[in-house]
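Throughout, read-outs are computed from the coordinates displayed, never taken from laboratory work. All values derive from a computational prediction rather than experimental measurement. Cβ atoms come from the backbone with ideal geometry, glycine included; neighbour counts cover every protein chain shown.
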Amino acid sequence: MTEQRINPSILSADFVNLQAELERIATADLVHVDVMDNHFVPNLTMGPPVVERIQAVSPIPLDVHLMISDADRWAPGYAELGASSVTFHAEATEDPVALARRLREIGARAGIALKPGTEPEPYLELLPEFDQVLVMTVEPGFGGQSFMHDMMPKLRRFAEAKAADGLDVWLQVDGGISVDTIGIAAEAGADTFVAGSAVYGGVPEDRIAELRAAAARH
Ligand code: DX5
Ligand code: ZN
């Protein structure tokens, strides 16, 4: 079976107790860190100084999701501070391939994210340039929204391109992932699942185990 990853999003964590909140998800694969600039999305979270501290204390590697404009300028800094993966938005870069190469050069996994309205072309053909693709299953900006089932055809397109070329790129989904929706995304080809409210809405360790079990059933 394909290796599957559960990446809890700390957007749903208690921001005043981040270190304790990170410890609560130590059984997950990577911690998903949502960086928002109040420009690319209508919400504001954190920037490099806070992410650097998260990197210093987190028991698991960082999966940084940049919902910021001008990714070309800012993304390399997150790779430099040690994030395991850095995902920027296709809509926020002038040159996705050059940026992905730069991130890989620094030593991070390079990820590209697509908003719900963004078509998979031309990114399908650029898959070898990326270590992960993030198909957004909500409009980026906020946790707690409903899973967009109509993103599954897009996810399938990436899964088909990945299989056709025998690539080991991770296919990630983010937004509205719960025990009820994770199987649908897994069935469509996702292997990496971001979940914020579903994890922190209960006992994180239990929720992570439940999500793993639900994903593995498909
Ligand atoms: C939304 C963020 C997500 C968010 C997901 O823009 O990118 O990572 O935390 O939250 P849930 O799992 O609650 O939909
Ligand atoms: Zn995210």
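Between L167 and I60, what is the FRET efficiency for a Förster distance of 22 Å, r being their Cβ-Cβ separation, to the nearest 0.05?
That gives a FRET efficiency of 0.35.
Taking 0.36 nm per residue of separation and subtracting the Cα-Cα distance, what length does fully extending L44 through D14 add?
Contour length minus Cα-Cα distance gives 9.3 nm.
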With the charge dipole of region 5-216 built from beta-carbon charges (+1 for Lys and Arg, -1 for Asp and Glu) about the Cα centre, the Cα from G183, T87, M152 projecting farthest to the positive end belongs to G183
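How high is the relative contact order of region 5-216, given as a whole-number percent (alpha carbon pairs under 8 Å, six or more residues apart)?
On the way: 438 pairs, mean separation 41.7, N = 212.
About 20 percent, as a whole number.
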Quick one: if the Förster radius is 30 Å, what FRET efficiency do E205 and F142 give, using the C-beta to C-beta distance and rounding to 0.05?
0.75
What base-10 log of the normalised intensity I(q)/I(0) is obtained for region 25-183 from the Debye formula, alpha carbons as equal point scatterers, at q = 0.12, 0.14 Å⁻¹?
-0.48, -0.67
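Taking loop as defined by DSSP and a crowding limit of 16 other beta carbons within 10 Å, which GluC sites (Glu not before Pro) in region 1-71 fit? The partial results should precede the final answer.
Working: sites: E3, E21, E23, E52; in loops: E3.
Within region 1-71, the qualifying GluC sites (Glu not before Pro) (loop, at most 16 other Cβ atoms within 10 Å) are E3.
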Rounded to the nearest 5, the percent of antiparallel DSSP beta bridges in region 5-216 equals 5
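What is the dipole size for the chain, taken about its Cα centre, with +1 at each Lys and Arg Cβ and -1 at each Asp and Glu Cβ, in debye to the nearest 20? Intermediate results must be reported in sequence, preceding the final value.
Working: 16 positive and 33 negative charges, 52 e Å.
The calculation lands at about 260 debye.
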Multiply the residue gap between E105 and E187 by 0.36 nm, knock off their C-alpha separation, and tell me the result in nm, one decimal place.
26.2 nm
